[in-house]
1. If you place +1 on the Cβ of every Lys and Arg and -1 on the Cβ of every Asp and Glu, how big does the dipole about the Cα centre of the stretch 191-277 come out, in debye to the nearest 20?
2. So how exposed is residue 17, as accessible area in Å² (1.4 Å probe, rounded to 10)?
3. In the chain, how many lysine pairs have Cα atoms under 26 Å apart, counting only pairs 8 or more places apart or on different chains?
4. For the residue pair residue 3 and residue 383, what label-to-label distance in nm results when each label sits 7 Å from Cα along the Cα-to-beta-carbon direction?
5. Relative contact order of the chain: what whole-number percent is it, with Cα pairs under 8 angstrom and at least 6 residues apart?
6. Just by accessible area at a 1.4 angstrom probe, what is the order of 107, 379 from largest to smallest?
7. Say each of residue 322 and residue 175 gets a label point 7 Å from the Cα, pointing the same way as Cα to Cβ; how far apart are those two points in nm?
8. What FRET efficiency would be calculated for the residue pair residue 268, residue 152, taking the C-beta separation as r and a Förster radius of 41 Å, to the nearest 0.05?
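The values are calculated or read from the model by the stated rules, or taken from the named source; none is laboratory data. Remember, it's a predicted structure, so these values are computed and weren't measured experimentally. In this analysis, Cβ positions are derived from the backbone assuming ideal geometry, glycine residues included, and neighbour counts consider all displayed protein chains. Side chains included, ligands, DNA and RNA excluded: accessible areas come from the protein's heavy atoms. Shrake-Rupley method; radii C 1.70, N 1.55, O 1.52, S 1.80 Å.
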Amino acid sequence: MDTLFGEISVETFLREYWQKKPLLIRNAFPDFEPPVSADELAGMALEQDIESRLIIQSADGKEWELKHGPFSEETFAELPPSHWSLLVQAVDHWVPEVSELAEHFNFLPNWRLDDLMISYAADGGGVGPHYDNYDVFLIQASGTRCWEVGGLYDENSPRRDDVPVMILPEWEAEQRWELNPGDMLYLPPRVGHNGYAVGDDCMTYSVGFRAPSHQEVLEGYSRYLDNLTTAEERYADPDFKLQNNPGEITDQAIDRVQSILRRYSEDRELISHWFGEFMTEPKYPDQAGENSVEMDEGEIRNLLSAGIPLCRNEGSRFAFHRSGDLFILFVDGKGCACSPDQIPLAEQLCSALYHTDIPVGDGNLQLIKALLLQGSLYFLGEE
Ligand code: SIN
Ligand code: CO
(Lines give C-alpha, C1' and ligand atoms only; values in the text may rest on other atoms or scores of the structure.)
(Ligands and ions follow the chains in the order given, each with its own letter.)
Protein backbone atom coordinates (compact mmCIF):
# COMPACT_ATOMS: atom_id res chain seq x y z
CA MET A 1 0.00 0.00 0.00
CA ASP A 2 2.68 2.49 1.02
CA THR A 3 4.50 1.85 -2.24
CA LEU A 4 1.59 3.14 -4.37
CA PHE A 5 3.03 6.66 -4.41
CA GLY A 6 6.69 5.62 -4.55
CA GLU A 7 8.76 7.78 -2.22
CA ILE A 8 5.66 9.69 -1.14
CA SER A 9 3.68 8.39 1.84
CA VAL A 10 -0.11 8.17 1.70
CA GLU A 11 -0.25 10.90 4.34
CA THR A 12 1.89 13.21 2.19
CA PHE A 13 -0.21 12.41 -0.87
CA LEU A 14 -3.38 13.35 1.02
CA ARG A 15 -1.91 16.50 2.48
CA GLU A 16 -0.22 17.85 -0.65
CA TYR A 17 -1.92 16.38 -3.71
CA TRP A 18 -5.39 14.93 -3.03
CA GLN A 19 -7.95 17.41 -4.42
CA LYS A 20 -5.12 19.91 -4.93
CA LYS A 21 -2.67 19.11 -7.71
CA PRO A 22 -1.73 16.38 -10.20
CA LEU A 23 0.86 13.78 -9.33
CA LEU A 24 2.68 11.43 -11.67
CA ILE A 25 3.91 8.22 -10.09
CA ARG A 26 6.31 6.17 -12.16
CA ASN A 27 5.97 2.42 -11.61
CA ALA A 28 3.16 2.69 -9.05
CA PHE A 29 2.20 -0.85 -10.03
CA PRO A 30 5.47 -2.66 -10.80
CA ASP A 31 5.12 -5.54 -13.32
CA PHE A 32 1.48 -4.63 -13.84
CA GLU A 33 -0.42 -7.51 -15.46
CA PRO A 34 -3.75 -6.21 -16.79
CA PRO A 35 -6.50 -8.51 -15.49
CA VAL A 36 -8.63 -7.68 -18.56
CA SER A 37 -7.28 -8.04 -22.10
CA ALA A 38 -8.27 -5.84 -25.03
CA ASP A 39 -10.33 -8.72 -26.48
CA GLU A 40 -12.13 -9.27 -23.20
CA LEU A 41 -12.84 -5.54 -22.99
CA ALA A 42 -14.30 -5.55 -26.50
CA GLY A 43 -16.38 -8.60 -25.48
CA MET A 44 -17.75 -6.69 -22.49
CA ALA A 45 -18.82 -3.85 -24.80
CA LEU A 46 -21.16 -6.29 -26.58
CA GLU A 47 -23.12 -6.89 -23.35
CA GLN A 48 -26.48 -5.26 -22.81
CA ASP A 49 -25.90 -4.59 -19.09
CA ILE A 50 -22.48 -3.01 -19.47
CA GLU A 51 -22.09 0.71 -20.10
CA SER A 52 -19.67 1.40 -22.94
CA ARG A 53 -18.78 4.17 -25.41
CA LEU A 54 -16.77 4.51 -28.58
CA ILE A 55 -15.18 7.85 -29.37
CA ILE A 56 -13.90 8.27 -32.91
CA GLN A 57 -12.08 11.42 -33.99
CA SER A 58 -10.59 12.75 -37.17
CA ALA A 59 -6.78 12.74 -37.09
CA ASP A 60 -6.73 16.58 -36.98
CA GLY A 61 -8.96 16.57 -33.85
CA LYS A 62 -11.68 18.64 -35.57
CA GLU A 63 -14.42 16.02 -35.81
CA TRP A 64 -15.63 13.82 -33.00
CA GLU A 65 -18.15 11.00 -33.03
CA LEU A 66 -19.68 9.35 -29.96
CA LYS A 67 -21.44 5.98 -30.00
CA HIS A 68 -23.03 4.23 -27.06
CA GLY A 69 -22.90 0.46 -26.52
CA PRO A 70 -23.86 -2.29 -26.53
CA PHE A 71 -21.92 -2.78 -29.77
CA SER A 72 -21.82 -5.61 -32.26
CA GLU A 73 -18.86 -7.43 -33.76
CA GLU A 74 -19.51 -5.43 -36.98
CA THR A 75 -18.96 -2.10 -35.19
CA PHE A 76 -15.45 -3.18 -34.25
CA ALA A 77 -14.74 -4.59 -37.72
CA GLU A 78 -15.64 -1.22 -39.27
CA LEU A 79 -13.41 0.95 -37.06
CA PRO A 80 -10.72 3.06 -38.71
CA PRO A 81 -7.07 2.01 -38.21
CA SER A 82 -6.36 4.83 -35.74
CA HIS A 83 -7.85 7.67 -33.63
CA TRP A 84 -10.58 5.86 -31.75
CA SER A 85 -11.08 4.77 -28.19
CA LEU A 86 -13.41 2.29 -26.49
CA LEU A 87 -14.39 3.07 -22.91
CA VAL A 88 -16.08 0.54 -20.64
CA GLN A 89 -17.47 1.70 -17.29
CA ALA A 90 -17.59 -0.16 -13.99
CA VAL A 91 -15.43 -3.10 -15.05
CA ASP A 92 -14.82 -3.62 -11.31
CA HIS A 93 -18.49 -4.64 -10.99
CA TRP A 94 -17.95 -7.53 -13.37
CA VAL A 95 -14.38 -8.69 -12.87
CA PRO A 96 -13.37 -9.51 -9.27
CA GLU A 97 -9.63 -9.01 -10.04
CA VAL A 98 -10.41 -5.48 -11.19
CA SER A 99 -12.44 -4.91 -8.05
CA GLU A 100 -9.39 -6.04 -6.04
CA LEU A 101 -7.29 -3.49 -7.90
CA ALA A 102 -9.61 -0.74 -6.71
CA GLU A 103 -8.90 -1.92 -3.15
CA HIS A 104 -5.43 -0.36 -3.45
CA PHE A 105 -7.25 2.93 -3.04
CA ASN A 106 -9.03 2.06 0.17
CA PHE A 107 -7.03 4.65 2.06
CA LEU A 108 -9.95 6.77 0.78
CA PRO A 109 -13.56 6.07 1.82
CA ASN A 110 -15.01 3.38 -0.43
CA TRP A 111 -18.28 5.33 -0.67
CA ARG A 112 -16.33 8.01 -2.55
CA LEU A 113 -15.38 5.50 -5.25
CA ASP A 114 -17.42 5.73 -8.42
CA ASP A 115 -16.04 2.91 -10.54
CA LEU A 116 -13.06 1.56 -12.41
CA MET A 117 -13.33 2.35 -16.11
CA ILE A 118 -11.06 0.77 -18.71
CA SER A 119 -10.27 2.38 -22.02
CA TYR A 120 -8.62 0.86 -25.04
CA ALA A 121 -7.28 3.17 -27.73
CA ALA A 122 -5.79 2.70 -31.17
CA ASP A 123 -2.87 4.95 -32.11
CA GLY A 124 -3.77 8.61 -31.54
CA GLY A 125 -7.07 7.71 -29.86
CA GLY A 126 -8.41 9.54 -26.81
CA VAL A 127 -11.38 11.53 -25.62
CA GLY A 128 -9.94 14.98 -26.33
CA PRO A 129 -9.05 17.93 -24.08
CA HIS A 130 -11.62 18.15 -21.29
CA TYR A 131 -12.00 18.33 -17.53
CA ASP A 132 -13.91 16.14 -15.06
CA ASN A 133 -15.57 17.13 -11.81
CA TYR A 134 -14.03 14.14 -10.07
CA ASP A 135 -10.70 12.90 -8.81
CA VAL A 136 -9.21 10.16 -10.92
CA PHE A 137 -6.21 7.83 -10.76
CA LEU A 138 -5.16 6.86 -14.30
CA ILE A 139 -3.16 3.64 -14.36
CA GLN A 140 -1.42 2.76 -17.61
CA ALA A 141 -2.16 -0.92 -18.15
CA SER A 142 -0.63 -1.59 -21.58
CA GLY A 143 0.96 0.39 -24.40
CA THR A 144 1.81 4.07 -24.02
CA ARG A 145 -0.38 7.08 -23.49
CA CYS A 146 0.71 10.67 -23.58
CA TRP A 147 -1.04 12.76 -20.95
CA GLU A 148 -1.14 16.49 -21.37
CA VAL A 149 -2.30 18.32 -18.26
CA GLY A 150 -2.93 21.91 -17.27
CA GLY A 151 -5.21 24.65 -15.97
CA LEU A 152 -8.44 24.67 -14.01
CA TYR A 153 -11.77 24.69 -15.85
CA ASP A 154 -15.42 24.93 -14.92
CA GLU A 155 -18.85 25.03 -16.49
CA ASN A 156 -18.26 28.58 -17.72
CA SER A 157 -15.16 27.58 -19.69
CA PRO A 158 -15.66 27.76 -23.47
CA ARG A 159 -16.34 24.38 -25.03
CA ARG A 160 -17.17 23.27 -28.54
CA ASP A 161 -20.92 23.08 -29.11
CA ASP A 162 -20.69 21.25 -32.43
CA VAL A 163 -19.37 17.94 -31.09
CA PRO A 164 -20.98 15.28 -28.86
CA VAL A 165 -18.13 15.15 -26.32
CA MET A 166 -16.66 17.87 -24.11
CA ILE A 167 -13.81 19.50 -26.03
CA LEU A 168 -12.16 22.60 -24.53
CA PRO A 169 -11.15 24.65 -27.60
CA GLU A 170 -8.90 27.02 -25.69
CA TRP A 171 -7.13 24.40 -23.69
CA GLU A 172 -3.35 24.43 -23.58
CA ALA A 173 -1.07 21.79 -22.09
CA GLU A 174 1.21 22.94 -19.30
CA GLN A 175 2.80 19.54 -18.67
CA ARG A 176 3.20 16.48 -20.84
CA TRP A 177 4.10 12.97 -19.72
CA GLU A 178 4.26 9.61 -21.48
CA LEU A 179 2.95 6.83 -19.29
CA ASN A 180 4.05 3.22 -19.68
CA PRO A 181 2.56 0.12 -18.06
CA GLY A 182 2.49 0.42 -14.27
CA ASP A 183 2.77 4.24 -14.26
CA MET A 184 -0.07 6.21 -12.68
CA LEU A 185 -1.29 9.79 -12.92
CA TYR A 186 -3.52 11.36 -10.27
CA LEU A 187 -5.71 14.25 -11.39
CA PRO A 188 -7.84 16.35 -9.05
CA PRO A 189 -11.25 17.64 -10.19
CA ARG A 190 -11.43 20.34 -12.87
CA VAL A 191 -7.82 20.05 -14.07
CA GLY A 192 -7.82 20.12 -17.89
CA HIS A 193 -6.32 17.02 -19.50
CA ASN A 194 -5.89 15.28 -22.82
CA GLY A 195 -4.69 11.70 -23.08
CA TYR A 196 -3.92 10.08 -26.41
CA ALA A 197 -2.48 6.72 -27.35
CA VAL A 198 1.07 6.64 -28.65
CA GLY A 199 1.02 3.49 -30.76
CA ASP A 200 -1.63 0.80 -30.61
CA ASP A 201 -2.83 -1.39 -27.77
CA CYS A 202 -3.08 1.45 -25.25
CA MET A 203 -5.14 0.48 -22.24
CA THR A 204 -5.77 2.80 -19.32
CA TYR A 205 -7.55 1.93 -16.09
CA SER A 206 -9.28 4.92 -14.48
CA VAL A 207 -10.17 4.68 -10.83
CA GLY A 208 -12.77 7.41 -10.60
CA PHE A 209 -14.09 8.99 -7.43
CA ARG A 210 -17.38 10.77 -6.97
CA ALA A 211 -18.58 13.66 -4.88
CA PRO A 212 -22.17 14.83 -4.77
CA SER A 213 -22.83 18.36 -5.98
CA HIS A 214 -24.39 20.78 -3.51
CA GLN A 215 -27.51 20.59 -5.63
CA GLU A 216 -27.59 16.79 -5.25
CA VAL A 217 -27.13 17.10 -1.49
CA LEU A 218 -29.93 19.65 -1.14
CA GLU A 219 -32.27 17.82 -3.49
CA GLY A 220 -31.51 14.37 -2.09
CA TYR A 221 -31.94 15.43 1.53
CA SER A 222 -35.17 17.31 0.72
CA ARG A 223 -36.56 14.24 -1.03
CA TYR A 224 -35.68 12.12 1.99
CA LEU A 225 -37.39 14.64 4.31
CA ASP A 226 -40.47 14.53 2.14
CA ASN A 227 -41.51 11.30 3.84
CA LEU A 228 -40.74 12.65 7.28
CA THR A 229 -42.75 15.86 7.33
CA THR A 230 -46.52 16.19 7.58
CA ALA A 231 -48.81 18.62 5.77
CA GLU A 232 -49.67 20.10 9.17
CA GLU A 233 -46.10 21.16 9.89
CA ARG A 234 -46.07 24.67 8.47
CA TYR A 235 -44.62 28.11 8.67
CA ALA A 236 -46.29 29.48 11.82
CA ASP A 237 -46.43 33.02 13.22
CA PRO A 238 -48.39 33.05 16.47
CA ASP A 239 -45.95 35.77 17.60
CA PHE A 240 -46.90 38.00 14.65
CA LYS A 241 -46.67 41.74 15.38
CA LEU A 242 -48.40 44.41 13.30
CA GLN A 243 -46.28 45.67 10.42
CA ASN A 244 -46.53 48.98 8.54
CA ASN A 245 -46.71 47.59 5.02
CA PRO A 246 -48.55 44.33 4.33
CA GLY A 247 -46.15 43.74 1.43
CA GLU A 248 -43.06 43.55 3.60
CA ILE A 249 -41.31 40.23 4.19
CA THR A 250 -39.86 41.13 7.55
CA ASP A 251 -36.70 39.91 9.20
CA GLN A 252 -38.93 38.07 11.64
CA ALA A 253 -40.53 36.16 8.73
CA ILE A 254 -37.08 35.18 7.48
CA ASP A 255 -36.16 34.08 11.03
CA ARG A 256 -39.14 31.72 11.02
CA VAL A 257 -38.16 30.21 7.65
CA GLN A 258 -34.57 29.90 8.77
CA SER A 259 -35.67 28.08 11.91
CA ILE A 260 -37.54 25.52 9.74
CA LEU A 261 -34.41 24.98 7.65
CA ARG A 262 -32.18 24.90 10.74
CA ARG A 263 -34.32 22.25 12.38
CA TYR A 264 -33.48 19.81 9.55
CA SER A 265 -29.97 20.99 8.88
CA GLU A 266 -29.03 20.51 12.52
CA ASP A 267 -30.50 17.02 12.84
CA ARG A 268 -27.33 14.93 12.50
CA GLU A 269 -29.20 11.66 12.92
CA LEU A 270 -31.45 12.42 9.95
CA ILE A 271 -28.53 13.72 7.90
CA SER A 272 -26.37 10.68 8.56
CA HIS A 273 -29.19 8.26 7.78
CA TRP A 274 -29.96 10.03 4.52
CA PHE A 275 -26.31 10.43 3.53
CA GLY A 276 -25.44 6.77 4.21
CA GLU A 277 -28.35 5.61 2.09
CA PHE A 278 -27.64 8.16 -0.62
CA MET A 279 -23.93 7.39 -0.95
CA THR A 280 -24.45 3.63 -1.02
CA GLU A 281 -27.12 3.67 -3.70
CA PRO A 282 -25.92 1.30 -6.42
CA LYS A 283 -24.42 2.81 -9.56
CA TYR A 284 -26.84 0.75 -11.63
CA PRO A 285 -30.04 0.54 -9.54
CA ASP A 286 -31.81 -1.53 -12.22
CA GLN A 287 -29.27 -4.31 -11.75
CA ALA A 288 -29.46 -4.28 -7.94
CA GLY A 289 -30.88 -7.47 -6.48
CA GLU A 290 -30.13 -9.51 -9.59
CA ASN A 291 -27.90 -11.75 -7.49
CA SER A 292 -30.45 -12.27 -4.73
CA VAL A 293 -29.99 -15.62 -2.98
CA GLU A 294 -32.48 -17.11 -0.54
CA MET A 295 -30.68 -19.19 2.06
CA ASP A 296 -31.75 -20.32 5.49
CA GLU A 297 -29.63 -19.83 8.58
CA GLY A 298 -28.66 -23.53 8.73
CA GLU A 299 -27.19 -23.43 5.20
CA ILE A 300 -25.33 -20.22 5.98
CA ARG A 301 -23.95 -21.77 9.18
CA ASN A 302 -22.68 -24.79 7.19
CA LEU A 303 -20.96 -22.68 4.54
CA LEU A 304 -19.31 -20.45 7.16
CA SER A 305 -18.17 -23.49 9.16
CA ALA A 306 -16.73 -25.05 5.99
CA GLY A 307 -14.65 -21.87 5.53
CA ILE A 308 -16.33 -20.84 2.25
CA PRO A 309 -15.39 -17.17 1.69
CA LEU A 310 -18.22 -14.69 1.94
CA CYS A 311 -17.85 -11.96 -0.71
CA ARG A 312 -19.30 -8.55 -1.25
CA ASN A 313 -21.10 -8.31 -4.56
CA GLU A 314 -18.59 -6.32 -6.64
CA GLY A 315 -21.29 -3.83 -7.65
CA SER A 316 -22.51 -3.30 -4.07
CA ARG A 317 -21.71 -0.35 -1.89
CA PHE A 318 -21.15 -0.81 1.84
CA ALA A 319 -20.62 1.90 4.49
CA PHE A 320 -21.46 2.49 8.14
CA HIS A 321 -22.00 5.35 10.51
CA ARG A 322 -21.58 5.20 14.26
CA SER A 323 -22.95 7.76 16.64
CA GLY A 324 -22.85 6.93 20.35
CA ASP A 325 -24.45 3.50 20.74
CA LEU A 326 -26.16 3.69 17.37
CA PHE A 327 -24.44 1.80 14.56
CA ILE A 328 -26.05 1.89 11.14
CA LEU A 329 -24.88 -0.31 8.31
CA PHE A 330 -25.73 1.03 4.83
CA VAL A 331 -25.75 -1.37 1.94
CA ASP A 332 -26.93 -0.51 -1.55
CA GLY A 333 -29.05 2.40 -0.44
CA LYS A 334 -30.62 0.76 2.62
CA GLY A 335 -29.66 1.54 6.19
CA CYS A 336 -30.23 -0.79 9.11
CA ALA A 337 -29.30 -0.43 12.77
CA CYS A 338 -27.03 -3.26 13.93
CA SER A 339 -27.24 -4.94 17.33
CA PRO A 340 -23.95 -4.92 19.31
CA ASP A 341 -23.18 -8.55 18.32
CA GLN A 342 -23.50 -7.67 14.61
CA ILE A 343 -21.16 -4.67 14.69
CA PRO A 344 -17.82 -6.54 14.24
CA LEU A 345 -19.14 -8.31 11.13
CA ALA A 346 -20.64 -5.10 9.76
CA GLU A 347 -17.29 -3.34 10.20
CA GLN A 348 -15.48 -6.26 8.58
CA LEU A 349 -17.81 -6.21 5.57
CA CYS A 350 -17.21 -2.50 5.08
CA SER A 351 -13.44 -2.86 5.17
CA ALA A 352 -12.76 -5.53 2.51
CA LEU A 353 -14.26 -7.57 -0.30
CA TYR A 354 -13.69 -11.16 0.91
CA HIS A 355 -14.25 -12.68 4.31
CA THR A 356 -13.52 -15.92 6.08
CA ASP A 357 -13.42 -16.76 9.79
CA ILE A 358 -16.78 -15.19 10.49
CA PRO A 359 -18.11 -16.13 13.94
CA VAL A 360 -21.32 -18.16 13.57
CA GLY A 361 -23.57 -16.25 15.99
CA ASP A 362 -27.32 -15.66 15.54
CA GLY A 363 -26.86 -11.94 14.85
CA ASN A 364 -24.31 -12.63 12.11
CA LEU A 365 -26.50 -15.30 10.53
CA GLN A 366 -29.46 -12.91 10.38
CA LEU A 367 -27.36 -10.13 8.88
CA ILE A 368 -25.80 -12.40 6.26
CA LYS A 369 -29.21 -13.89 5.38
CA ALA A 370 -30.68 -10.42 4.78
CA LEU A 371 -27.71 -9.28 2.69
CA LEU A 372 -27.69 -12.49 0.59
CA LEU A 373 -31.39 -11.93 -0.10
CA GLN A 374 -30.69 -8.32 -1.05
CA GLY A 375 -28.06 -9.61 -3.52
CA SER A 376 -25.29 -7.65 -1.81
CA LEU A 377 -23.28 -10.68 -0.61
CA TYR A 378 -22.52 -14.09 -2.06
CA PHE A 379 -20.63 -17.18 -1.01
CA LEU A 380 -17.69 -17.92 -3.33
CA GLY A 381 -18.61 -20.75 -5.67
CA GLU A 382 -22.30 -20.58 -4.67
CA GLU A 383 -23.28 -17.64 -6.89
C1 SIN B 1 -9.16 7.50 -20.88
O2 SIN B 1 -9.18 7.88 -22.05
O3 SIN B 1 -8.81 6.37 -20.53
C4 SIN B 1 -9.54 8.45 -19.77
C5 SIN B 1 -10.51 9.43 -20.20
C6 SIN B 1 -10.45 10.66 -19.36
O7 SIN B 1 -9.56 11.46 -19.46
O8 SIN B 1 -11.35 10.91 -18.54
CO1 CO C 1 -10.99 12.83 -17.97
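1. Values: 8 positive and 16 negative charges, 26 e Å.
So the dipole magnitude of the stretch 191-277 works out to roughly 120 debye.
2. That residue has around 40 Å² of solvent-accessible surface.
3. Qualifying lysine pairs in the chain: 4.
4. 2.8 nm
5. Working: 694 pairs, mean separation 58.5, N = 383.
It comes to 15 percent, rounded to a whole number.
6. Numbers: 107 50, 379 5 Å².
If we order 107, 379 from most to least accessible, we get 107, 379.
7. With each label point 7 Å from Cα toward Cβ, the separation is 3.8 nm.
8. Working: r = 33 Å, r/R0 = 0.81.
So the FRET efficiency works out to roughly 0.80.
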